[in-house]
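In what follows, a single structure is set out as structure tokens and then discussed.
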Amino acid sequence: MLCELTIENVAVIEKATVHFDRGLHVLSGETGAGKSIVIDSVNAILGNRTSRDLVRTGAEKAKIHAVFRELSEKTIKKLEDAGYEVQEELLLYREIGADGKTKCRVNGMPASLSVVRDLCADLMVIHGQHDSQSLLDPACHLGILDAYAQNKALHADYYAVYRELCTVKKQADALSMDAEEQQRRMELLQFQVQELESADLQPEEEAELQNRRNRILHAQKIAQQLNRAYLALEGQEDAELPGAIQQVSNACAALEELSELSPEFAQMAERLRDLFYGLKDEAEEAADLLDRQGYGEEALEPIEERLDLIYRLRQKYGCSVPELLQYLEHARRELEEMETSDERLAQLYEKQTQLYETAREKARQLTQSRLDAFERLQTELADSLRFLNMPGIRFSLEHRRGPLASMGQDSVEFFISTNAGEAPKPLAKIASGGELSRIMLAIKSALSDQDDTATVIYDEIDTGVSGVAAERIGQKLRETSRGKQVICITHTAQIAALADVHLYIEKRQEGERVYTHITTLNEEERVGELARMISGNQITPIARANAAEMLELAHREKKLDK
């Protein structure tokens, strides 16, 4: 659960530290005081995307620290798998720069946003102000039902088969193309394969031909320079100055005569001897190259023809020789598949039939899990909504089976009847804003019972309700807080009175700047804040008396609960 949240330079909050405990926490304050900033900060620390606009004006960066304790086994395993040290506390840190750059740390070690999101997925759930409106979209109903059914494994099993079915169907469709189109494709492939095979291209052939062509075109110059190099090494018979080989040999003999006088001379003589043998090898190589310079003009023609063929093929296919060879292999395979397409197509159709039957069976299991879950959910929602001052409400499921798709074969929509004798109709046509809030709370409460998330945050779940309904929402939140930590932003005194911890958020102007402060209220301060929530800024003695009575009744209910 969340134990501590420190916010620094976030929007109008310069620095604030909030401590949390078990039970129900409420955050109250005037509209615009900064309650949403707390939610934005929690979202940021959980690794969700945020904007640099969150950084306080004039500050270089915003900093958010959070401390979580009593971690679930699932979270501990994620930390271990990710290589983070597992401690009694999970320390999260998020830094957001005014330039948009962000840094995250987990237990003091660097982490990416995606890693933080994965690690924090089971720490808490945040229900935003506009979540109730999502109930008006039937596309969201299947997700709610699946979350309650806890059928992720069933869906993953189905989806693996469905994806393979789509792949096989695509392959079969490609093979079963129009007969004339297939014939045209086969004729083209046959021509291309024959053309490329007859060319008998080799991977390094072009470079080698270019080298041979250059040697023929410059044969005279090459012969002259090779001869010159050879004579410089071996020397000329009638020349007064011997060649390099003879001179190195003479130097070596001179030093060998001195080798007995000093090791230095012996070492130098040895190096010169190695040089002598190296020069001999180079002279022989030069002579060999000179002997092989037998290319005439007649040798140039077949090389030019070959290079021209390669050039035309490259221009035609728009690729290099290695790529031409790869294309040839691909064309051979495609042609072979097309020539045996009837047999291959029969195999694909057989496999497609088998996969389709398997997918239908797994889709049926997925459907059954949803229908069974709705029966349980319907009962639980009816009980919750009756408690939330919506007696007589009836839920039904508009369920249709369709073709197989990524989510199975089901299309679902929640229908309700809010008055006795009326047929159930779509939520969008029946529910008011206050009813939507209570229906969403009932759904969220049912979903929270299905997982081990330690903390649940409700952002103004009481929108559109008052009186008895608001009090019942508070009681429902307090009931949920017996097994989970619940944090709720509210404008309703009936809910705030039932809190175990009451946090007050207010704006104060100091000089030319506005600052937001977060205060944990004591009993007397709670009476004042509840009175403000009841009567506004003009707090009367009667409002304070009502507030004190609300707190007293809430304390009595807590004692009875225990």
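Please give, to one decimal in nm, the separation of the simple spin-label points placed at Ala346 and Ser320, each 7 Å out from Cα toward the Cβ. Distance between the two pseudo-spin positions: 4.4 nm.
For the range 71-107, run through the GluC sites (Glu not before Pro) and keep only the ones in DSSP coil with at most 13 other Cβ atoms within 10 Å of their Cβ. The qualifying sites are Glu85, Glu88. The calculated P(r) of the range 437-491, using every Cα pair and 5 Å bins from 0, goes 5, 20, 35, 26, 11, 3, 0 in percent. Each part gets one Cα centre, and for the range 363-415 versus the range 89-129 those centres are 35 Å apart.
For the Cα trace of the range 246-338, dividing Rg by the Kirkwood Rh returns an Rg/Rh value of 1.47.
Using R0 = 22 Å, the C-beta based FRET efficiency linking Phe387 and Lys559 works out to 0.65. The C-alpha atoms of the range 170-223 occupy a region whose extents along the principal axes are 64, 20, 11 Å, arranged from largest to smallest.
Is the shape of the range 142-256 rounded, prolate or oblate, going by the alpha carbon gyration tensor and its root eigenvalues a ≥ b ≥ c, with a/c under 1.5 for rounded and a/b larger than b/c for prolate? Taking the square roots of the gyration eigenvalues as a ≥ b ≥ c, the range 142-256 is oblate. Here is the size of the range 188-264 from its Cα atoms: Rg then Dmax, 25.9, 83 Å. Inverting the pair-averaged 1/r between distinct Cα atoms of the range 392-486 gives 15.3 Å as its Kirkwood hydrodynamic radius. Here the ratio of the Cα radius of gyration of the range 17-162 to 2.2 N^0.38 Å is 1.23. When +1 charges are put on Lys and Arg Cβ atoms and -1 charges on Asp and Glu Cβ atoms, the dipole computed for the chain relative to its Cα centre reaches about 4580 debye. Straight-distance candidates among the lysines for linking to Lys170, with alpha-carbon spacing under 23 Å and chain neighbours fewer than 8 residues away dropped: Lys351, Lys362. With 19 Å as the limit on Cα-Cα distance, the pairs of Lys15/Lys61; Lys444/Lys476; Lys429/Lys476 that go past it are Lys429/Lys476. For P(r) over Cα pairs in 10 Å bins from 0, in percent, the value computed from the atomic coordinates appears in the list (1) 3, 11, 14, 14, 11, 8, 8, 9, 8, 6, 4, 2, 0, 0; (2) 3, 17, 29, 29, 16, 5, 0, 0; (3) 3, 16, 23, 20, 15, 11, 7, 3, 1, 1, 0, 0, 0 under label (1).
Between Glu256 and Glu85, the simple label model (points 7 Å from Cα in the Cβ direction) yields a spacing of 7.2 nm. Computed over protein heavy atoms with a 1.4 Å probe, the accessible surface of the range 450-562 works out to 48 Å² per residue.
Each peptide among 480-491, 495-506, 409-420 gets the average number of other Cβ atoms lying within 10 Å of its residues, and from highest to lowest they stand as 495-506, 480-491, 409-420. Round to a whole angstrom and tell me the spacing of the C-alpha centers of the range 471-542 and the range 294-350. When both Cα centres are located, 78 Å separates them.
Take every DSSP beta bridge whose two residues both sit in the chain; close to 75 percent of them are antiparallel. In the range 451-561, the inverse of the mean reciprocal separation of distinct Cα atoms equals 15.0 Å; this is its Kirkwood hydrodynamic radius. Taking the protein heavy atoms of the chain in the context of the full set of protein chains, the accessible area attributed to carbon and sulfur is 48 percent at 1.4 Å.
For the range 41-139, the solvent-accessible area with a 1.4 angstrom probe is 54 square angstrom per residue. Among the chymotrypsin sites (Phe, Trp or Tyr not before Pro) in the range 105-174, none is located in a DSSP loop while being surrounded by at most 12 other Cβ atoms within 10 Å of its own Cβ. Each residue, Ser51 and Ala266, gets one label point 7 Å from its Cα in the Cβ direction; the gap between the two is 8.6 nm.
The values are calculated or read from the model by the stated rules, or taken from the named source; none is laboratory data. If you're wondering where the values come from, they're calculated on a predicted model, not measured in any experiment. Reconstructed Cβ throughout: ideal geometry from the backbone, glycine too, with neighbour counts over all protein chains shown. Only protein heavy atoms, including side chains, enter the accessible area calculation; ligands, DNA and RNA are left aside. Shrake-Rupley method; radii C 1.70, N 1.55, O 1.52, S 1.80 Å.
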